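The structure appears right after this line, and notes come after that.
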Amino acid sequence: MSAEQKSSVQEEIRALGGLRQGTARVVARKTGVPEAQVYGVGSFYHLLAEPEVDLRVCTGLSCRLAGAEDLLRNAQEQGLRVAGCSCLAACDRAPAQMKDRQVFWPPEAGGDLPGRVGPDGDPDTLALNLTAACRQEAPALALVQEKGPDWLFQELQQSGLQGRGGAGFPAHLKWRGVAEQKDPVRYVVLNADEGEPGTFKDREVLMRRPDLVLEGLAIAATALKAKEIYMYLRGEFLAPWQALQTALDQATSANLFPGLNFHLHAGHGAYICGEETALLEALEGKRGMPRLKPPFPVENGLWGHPTLIHNVETIACVPSIVEKGGEWFRALGKTGPGTKLYNISGHVDKPGTYEMPLGISLGQLLEVAGGMIGKLKAFSPGGASSGFLPASMADLPLDFQALQKAGSMLGSAGVVVLNETVSMPSAVECQLSFFEEESCGQCAPCRIGTRFLRECLQRFLRDRKNPQALAKVADAAWQMNEGSICGLGQAAPLPLTTALQHFPEEFQP
């Protein structure tokens, strides 16, 4: 499907509110795309496949801890067509809800649903705030234009900047990889499909400093000789979209990025599109299913051309590195280079996003976030994909290397803390249900394995005297890790396997 056809299909489906009766046929007639293809792509995405839902309530772990299940029952009692949904990137304001792609915060006590929109969701206030916050110039871009791409790549290497989306891959290697390709057609893509439960840092960057994101993208495009920049925002990011569009309008008026074309693209509800190659598939108008690697996107990315993909936090670091130097950025860290945006939610007094030196401990993060509510029992250091660690590991550095050695991962640094009131099997069940729901279904180890693990745990919860209920978990986890195409299937067993390791007493027959 061409870019024009893909855009037309998306607009038609959105205009009709999703895949209602006959929608696929109408879109097919208007675009020439086969009806089966329209339906197949549209039904892959939650926000298009379920247009009749009035209200969606997040059922992620942080929201469940804050009463999401009670909120669901309340909505049903009010006669709303309500459904649970995956993380809405609002874990600091749990329990979150969404109507017409607008995320709402919890209602006032006794109030009707949906609740209230936060002040950052008001377009007028948002535009006023951004006028003051966004820079009306691009000094870092001018510096790159003066000194050239080789100087930039060297500064990125000296900075030690690693991908802040989860994988931690050295940024400079990606940039050099694209620059070395002979194909003259190149793309720069922003991955703002933030859906990892416990993670909401990219939302904050887009809301507060979209100008840094745009300048970082412009620097990348200039250094790599790309003309087209695609910004893929998850479909639930209505307010961040408004912020980015406002900043882009201001930059266009000031002619900050001449010769570069910025394209905003809304996702339609699929966690798997946070995986870079699945995101590329979605941009091309297909189901968001990960590609086999190699080839990697730096060689064969969007529409078959070399493509640089970075998440929001990573690209927002670039202008400061350019202006102040790679060594300056590296020195900001504690056990690793630079700062890190840590999210913290769950049983904590002041959930939110905190920029701290890379490598601080959970104890230090809790201190700036107001401390625990109750006594610390367990925590996820990097979102659902990182599993669970016990309170005894609270002094472990929250960095890429230390957590990997501990059998976990930093991931997106979405820290969720649990107190002594939480049942670990119940917390694990929540995470396993998320991965089962969000598996794209492409590869058997993930498609079958996510369901198998959830069923194993549920058999244990139904009959704790059954010694065989969890007997095959380790074998299934190995097969998922070895056979899954992407990180979802590889990480999906971690909530269960780490809980079994660190909290064995709660899984005894």
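Annotations for the structure displayed:
- Under the condition of being touching a Pro at 6+ places or on another chain (Cβ under 8 Å) and not in a loop (DSSP other than H, G, I, E, B), the residues counted in segment 295-318 number 3.
- Of the set (1) in contact with a His (Cβ under 6 Å, 6 or more places away or on another chain); (2) without any contact (Cβ under 8 Å) to a residue 40 or more places away in the chain, all apply to residue 417 but (2).
- The listed residue being among the β-branched types (Val, Ile, Thr), under 30 Å from residue 442 (Cα atoms) and part of a helix (DSSP H, G or I), out of 272, 219: 272
- In segment 9-42, of all residues being within 30 Å of the chain's Cα centre (by Cα) and on the phi > 0 side of the Ramachandran plot, the one that is modelled with the lowest pLDDT corresponds to 17.
- Some residue of segment 60-77 being surrounded by fewer than 24 Cβ atoms within 10 Å (Cβ to Cβ), farther than 24 Å from residue 234 by Cα and polar (S, T, N, Q): yes
- Within segment 17-35, the residues that satisfy the criterion of being free of Cβ contacts under 8 Å to residues at least 12 places away in the same chain and touching a helix residue (DSSP H, G or I) at 6+ places or on another chain (Cβ under 8 Å) are 25, 28, 34, 35.
- Residue 427 in a helix (DSSP H, G or I) and closer than 12 Å to residue 496 by Cβ: yes
- Test for residue 288: is it surrounded by 19 or more Cβ atoms within 10 Å (Cβ to Cβ) and modelled with pLDDT of 95 or more: yes
- Every residue from segment 58-90 that is within 20 Å of residue 438 (Cα to Cα) and not hydrophobic (A, V, I, L, M, F, W, C): 59, 60, 62, 64, 69, 84, 86
- Residue tally, condition closer than 14 Å to residue 439 by Cβ, in a helix (DSSP H, G or I) and in contact (Cβ under 8 Å) with a residue 24 or more places away in the chain, over segment 480-494: 6
- Residues in segment 439-479 that are in a helix (DSSP H, G or I) and charged (D, E, K, R) were compared, and the one that is surrounded by the most Cβ atoms within 10 Å (Cβ to Cβ) is 454.
- The residues of segment 275-291 that are of a type in the set (Gly, Ala, Ser) and not in a loop (DSSP other than H, G, I, E, B), listed by number, are 278, 282.
- Residues located in segment 355-407, provided they are of a type in the set (S, T, N, Q) and either assigned by TED's automatic domain parsing to the domain that holds residue 272 or closer than 29 Å to residue 170 by Cβ (or both): 361, 364, 380, 385, 386, 401, 404
- Test for residue 315: is it modelled with pLDDT of 95 or more and either in contact with a Phe, Trp or Tyr (Cβ under 9 Å, 6 or more places away or on another chain) or surrounded by 21 or more Cβ atoms within 10 Å (Cβ to Cβ) (or both): yes
The values are calculated or read from the model by the stated rules, or taken from the named source; none is laboratory data. Given the structure is predicted, the values throughout are model-derived calculations rather than measurements. Please note: Cβ atoms are built from the backbone with ideal geometry, for glycine as well, and neighbour counts cover all protein chains shown.
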